[in-house]
1. In the full protein assembly as shown, how much of LYS165 is accessible to a 1.4 Å probe, in Å² to the nearest 10?
2. Take SER209 and LEU311, extend 7 Å from each Cα along the Cα→Cβ direction, and tell me the distance between the two endpoints in nm.
3. Run the accessible area of the chain with a 1.4 Å probe and give the carbon-and-sulfur part as a rounded percent.
4. Only Cα pairs under 8 Å and at least 6 apart count here; give the relative contact order of the chain as a rounded whole percent.
5. Accessible area per residue, 1.4 Å probe, Å², for the range 329-441: what's the number?
6. Treating cross-link reach as a plain straight distance, find the lysines whose alpha-carbon is under 19 Å from the alpha-carbon of LYS284, omitting any fewer than eight places away in the same chain.
7. Kindly identify the range 227-315 as rounded, prolate or oblate by the Cα gyration tensor criterion: order the square roots of the eigenvalues as a ≥ b ≥ c, call it rounded if a/c is under 1.5, otherwise compare a/b with b/c, prolate if a/b is larger, else oblate.
8. By what distance, in whole Å, do the Cα atoms of the range 316-409 stretch along each of the three principal axes, largest value first?
Amino acid sequence: MKVVSRSVRCCTQSRHTLHNYAALKPLNRGLSQLPQQDPELKDLLSYLDNRKNYEKLGVPTGAGTDSDDGFDLGRMTSLMQFLGNPHSKFQAIHVAGTKGKGSTAAFLSNILRAQGYSVGCYTSPHIHSIRERISVGKISEPVSARSLNLLFQRSKMMLDQAIEKEDKRISHFEVLTAMAFKLFADENIDIAVVEAGLGGARDATNILSSSTLAASVITTIGEEHMAALGGSLESIAIAKSGIVKTNRPLVLGGPYLPEIESILRAKASSMGSPVVSASDSGNKSVIKGVGDVCGKPCQTCDIVLEIESDLKLCTQLLNVNLRMLGPHQLQNAATATCAALCLRHQGWSIADEAIRTGLEHTELLGRSHFLSSEEAEAIGLPGTKILLDGAHTKESAKALADTIRMTFPKARLVLVVAMASDKDHISFAKELLQVRQLEAVVLTKVSIAGDNYRSTPSSLLRDSWILASKDVGIEICDYGIATTKKQEHRTVALVESSDEDTLGMVNQILRTRGRDQADNIVVVTGSLHIVSSVLGNLQR
């Protein structure tokens with residue numbers, strides 16, 4: 001791939017872009033400040049807080065498997081009956097996968113909206129506000145606080161009845177999923193794009209049935225939530241394949257290990273479901289170069305799909321300018337395009353130009369998300385490129401590392417990392433330590449879903465990075481030592497920081513190590529919750 005410097009036309013902002021923060025007042029430089037929740041949603045948020053929240057508490061072992069320990073879809077069935085079975089009143093595409101499902105859902109939603117359809121999109125988690133999880137209509141905007149509050153007030157009696165009938169076991173995610181489906185039905189949408197929460201088979205979103213399902217999508221299979229999904233990659237694949245429905249197409253993202261793909265294809269075969277793969281040999285999607293759009297990096301790609309079995313689908317989109325960076329995002333874009341082609345095969349009107357427009361207008365908070373120069377200055381890092389990416393697994397760390405190498409091959413890299421306690425810290429660190437231009441890692445702590453229950457102390461993260469550095473043969477040393485003695489070999493400075501002074505520490509490192517600020521890139525990663533903390537500073 002040749003890296004080129006080119007200027008690309010400016011596009012209108014999608015629902016996931018930030019507002020203009022150029023006129024912000026000076027900010028505290030810490031990461032602890034979070035944006036205030038929508039005051040109009042006070043009653044709803046209080047109601048949800050009284051339900052069990054597995055994002056905050058962590059997911060129990062076996063919860064996502066089709067077993068006696070698994071989540072109970074019977075609760076969701078009962079809840080939906082109280083609400084009038086709204087999920088039966090619209091067509092849907094169901095998206096599952098270890099990584100990439102949120103990006104794929106965003107790409108696909110924007111494709112459908114570019115064609116003029118009214119779309120309901122349901123994803124998780126959120127960055128600023130719970131409203132981000134639900135969008136409805138022809139414009140990609142989070143549902144308004146007023147609409148969500150009115151929906152809650154209309155539905156509260158039915159929710160109460162369902163919760164009482166199920167002995168108060170209905171969870172935070174189940175209530176919110178039901179409300180999203182109720183809103184989609186009330187708004188008479190043309191189609192919904194629904195991201196699964198955990199796994200697939202026992203996830204609350206799997207209330208969707210074959211009678212209304214247009215297609216299922218499985219993006220990737222990785223090791224995240226392994227204990228909750230049966231303990232192996234094979235069990236994870238089985239859990240994800242639970243979204244496949246009788247005679248409805250299955251879109252595969254991939255690429256997968258051969259044994260994993262066999263599991264997915266076998267499930268599709270047993271359900272009479274045609275398979276469309278974004279990783280088929282006839283597909284020639286490539287990144288041609290890196291340029292910029294509206295002053296932020298983008299990648300210029302060709303997306304060429306020629307699918308011969310089980311359905312005959314094809315398209316050729318040249319010079320598509322994706323704001324979502326990295327080979328993994330190109331794969332997500334190709335996967336969303338395959339899903340759009342499946343809809344076209346079923347009679348939906350979807351032009352190639354709508355596919356292009358939808359892909360090019362897609363951005364997501366916290367995924368391949370670059371701050372503007374005004375935003376970088378507002379958080380005390382003027383002139384520095386700042387990338388926010390919620391990567392938190394080995395696979396997503398590798399994708400992030402590849403993106404950094406491709407987009408900024410010569411820039412000096414400083415990482416800011418905070419992670420949840422149930423992630424594989426060592427494998428995550430190994431991938432990022434191998435980025436050649438990495439100079440320093442600042443480790444901090446952040447609350448997870450508004451609580452410290454799953455937070456990892458920076459001292460424990462430090463231990464993991466030291467162990468990882470030994471495994472990959474890279475020397476780690478204290479920040480003070482690394483900046484004063486001459487290094488014979490490549491050395492990465494490791495710094496622990498409290499959340500109150502993390503960004504100040506980053507600024508100190510950059511100033512101490514000299515060179516032009518434009519040669520620096522700061523990447524905030526390890527969790528969407530640390531991304532939320534940074535963006536929370538911008539909103540205050």
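1. Roll a 1.4 Å probe over it and LYS165 shows about 120 Å².
2. Taking the simple label geometry, SER209 and LEU311 are separated by 2.2 nm.
3. Roughly 48 percent, rounded to a whole number.
4. Once divided by the residue count of the chain, the mean separation gives 19 percent.
5. The answer is 30 Å² per residue.
6. LYS2, LYS312
7. Oblate shape, in that a/c is at least 1.5 and b/c is the bigger or equal ratio.
8. 52, 30, 21
The values are calculated or read from the model by the stated rules, or taken from the named source; none is laboratory data. If you're wondering where the values come from, they're calculated on a predicted model, not measured in any experiment. Here the Cβ is made from the backbone with ideal geometry for all residues, glycine too, and neighbour counts use every protein chain on show. Please note that ligands, DNA and RNA were not included when accessible areas were found on the heavy atoms of the full protein model with its side chains. Shrake-Rupley method; radii C 1.70, N 1.55, O 1.52, S 1.80 Å.
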